[in-house]
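The structure appears below as C-alpha cells.
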Amino acid sequence: MHAEEKLSLETWPAEPEKSTLEAKNKFLGFWFFLGGETVLFASLFATYLALKDKVPDSTHTLAKDLYDLPLTFVATMLLLTSSLTSVYAMYHMKNFNAKKMNTWLIITVLLGAAFLALEVYEFSHYVHEYNHTFTSSAFGSAFYTLTGFHGAHVAFGLMWFLTLIIRNSKRGLNLYNAPKFYVASLYWHFIDVVWVFIFTVVYLMGMVG
Amino acid sequence: MENSQLNSGNPRVDIEYRKKKSAEEMRHQVVSFALMIFLTLIAFATVAIKGFSAWFIVPFILLLAIVQVIFQLYYFMHMSHKGHEAPSMFLYSGLLVGMLTLLAFTTIIWW
C-alpha cells in the first residue's frame, strides 16, 4: 500500500498507522522519541525530589502548605478523561470515520485546554499568594521546571491536534494522514503518563510531607 | 503485510470481523479507563484522609501510579499489541537510564 492510494471502508487497512513504509518509520521514530522523553522527565523528577522544600529561610512556603488537593484532583480528572476521548478518536480512525474522529479530537483539545487553564490559575495563585516563583528558591525552580515542562507539552499537544484537524479538515482520512493522527494521540497519552507521576510524586507526596 | 491474516479476501466479512475486533478493544479500553479513575480516587483518598503514616502512603500511591501507567501504556497506547518489541525496548531503556538519575539524585544529594 502507498500513501496516495484512495481508500474506502472496504480497503482501509486494519493498522493504518503501520501500513506504509513512511508510517512504520514514523511509528518507530516516535517511540524512540518517547524513550528520550522518559529520560528527560525522569531527570526532572529526580531534580525535583532532590530540591523539594529546599528554601533559603522560613519566610518561604513549603510544599505541604502550598498544594491544593481539590484543584489537582479536578486537573487530573480532566487530563485522564482527555486520554479516553483521544482513544475514542483513534477508534473512529480505525473505522475510517474522519468526522467522528475529528469530533472526539476537538473534545480532547477542549479538555486539554481546560487543564492548561487550571494550571495557569494555579501558578499565578502560587506567585501572588505565596510569593513562590521560579527564582524565589531552589524548590521553586525545580517545581516550575517539572510542572512547567509538562504544561508546555500539553500546550504543544493542543497545537499539534489543532494543526492536524485544520490541515486535514477537508481531506478525509488516508494512509498519509492517519499515522499522523495516531502518533499525535500517542503523544497525548504520554503526557497523561507523565501527569500520573506528577500528581503522585509532586502533589500527593508533597501533601504527605 | 502484518495484517494479511485479517483479510479473507471478502471485504464484507473483513469489515464485520474488524468492527468486532475494534469494538472488543474499545471495551478493554473503557474498562481500563474505569480502573484508572478508580486508582486515582484511591490515591487521592489515601492522602485526603489524614490518618495513615507517610511510610504507608508513599509506597502505596507510587504503586497505584505504576499500575495506572501500565494500563495507559498497554491499553491506551496499544503496547499489548503485536509489533511493539522495538517501542518496548526504547521505553524501557529510557526508563533504565532515567532511573539511574533518580537513584543518584535521591541517595547522593538528598541530604
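The values are calculated or read from the model by the stated rules, or taken from the named source; none is laboratory data. Since this is a predicted model, take the numbers as computed values, not measurements. Here the Cβ is made from the backbone with ideal geometry for all residues, glycine too, and neighbour counts use every protein chain on show.
Here are the numbers:
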read-out	value
Cβ-Cβ under 6 Å pairs, at least 6 apart or on other chains, the stretch B:55-69 side under 18 Å from residue A:49 (Cβ atoms) and within 7 Å of chain A (Cβ to nearest Cβ), far side in a helix (DSSP H, G or I) and of a type in the set (Phe, Trp, Tyr)	B:65/A:197
Unique match (being within 18 Å of the chain's Cα centre (by Cα) and among the acidic types (Asp, Glu)) among A:22, A:5, A:15, A:37	A:37
Criterion: outside any helix (DSSP H, G or I) and among the polar types (S, T, N, Q) - qualifying residue of A:76, A:59	A:59
Those residues of the stretch A:1-50 which are over 22 Å from residue B:78 (Cα atoms), touching a residue at least 40 places away in the same chain (Cβ under 8 Å), among the small types (Gly, Ala, Ser) and assigned to a helix (DSSP H, G or I), in sequence order	A:50
Checklist (1) within 22 Å of residue A:71 (Cβ to Cβ); (2) part of a helix (DSSP H, G or I) applied to residue B:50, failing item	(2)
All positions within the stretch A:104-121 that are surrounded by fewer than 19 Cβ atoms within 10 Å (Cβ to Cβ) and in contact with a Phe, Trp or Tyr (Cβ under 9 Å, 6 or more places away or on another chain)	A:106, A:107
The listed residue being aromatic (Phe, Trp, Tyr), buried (at least 18 other Cβ atoms within 10 Å of the Cβ) and more than 14 Å from the chain's Cα centre (by Cα), out of B:105, B:71	B:105
Boolean, residue B:91 is farther than 23 Å from residue A:142 by Cα and at pLDDT 95 or above	yes
Residue within the stretch B:70-78 that is part of a helix (DSSP H, G or I), free of Cβ contacts under 8 Å to residues at least 12 places away in the same chain and facing chain A (nearest Cβ under 9 Å) present	no
Boolean, residue B:41 is over 13 Å from the mean Cα position of the chain (by Cα), in a helix (DSSP H, G or I) and within 7 Å of chain A (Cβ to nearest Cβ)	no
Only listed residue being crowded, with 17+ Cβ neighbours inside 10 Å, farther than 23 Å from residue A:186 by Cβ, facing chain B (nearest Cβ under 9 Å) and aliphatic (A, V, I, L, M), chosen from A:50, A:42	A:50
Residue within the stretch B:1-11 that is surrounded by fewer than 16 Cβ atoms within 10 Å (Cβ to Cβ), in contact with a helix residue (DSSP H, G or I) (Cβ under 7 Å, 6 or more places away or on another chain) and either modelled with pLDDT of 95 or more or more than 9 Å from chain A (Cβ to nearest Cβ) (or both) present	yes
Residues of the stretch A:65-99 satisfying the condition of being of a type outside the set (S, T, N, Q) and farther than 29 Å from residue A:123 by Cα	A:87, A:88, A:89, A:90, A:91, A:92, A:93, A:94, A:96, A:98, A:99
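Per-residue answers, yes or no, for (1) more than 14 Å from chain B (Cβ to nearest Cβ); (2) free of Cβ contacts under 8 Å to residues at least 24 places away in the same chain:
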{"residue": "A:166", "(1), (2)": "yes, yes"}
{"residue": "A:172", "(1), (2)": "yes, no"}
{"residue": "A:180", "(1), (2)": "yes, no"}
{"residue": "A:185", "(1), (2)": "no, no"}
{"residue": "A:191", "(1), (2)": "no, no"}
{"residue": "A:201", "(1), (2)": "no, no"}
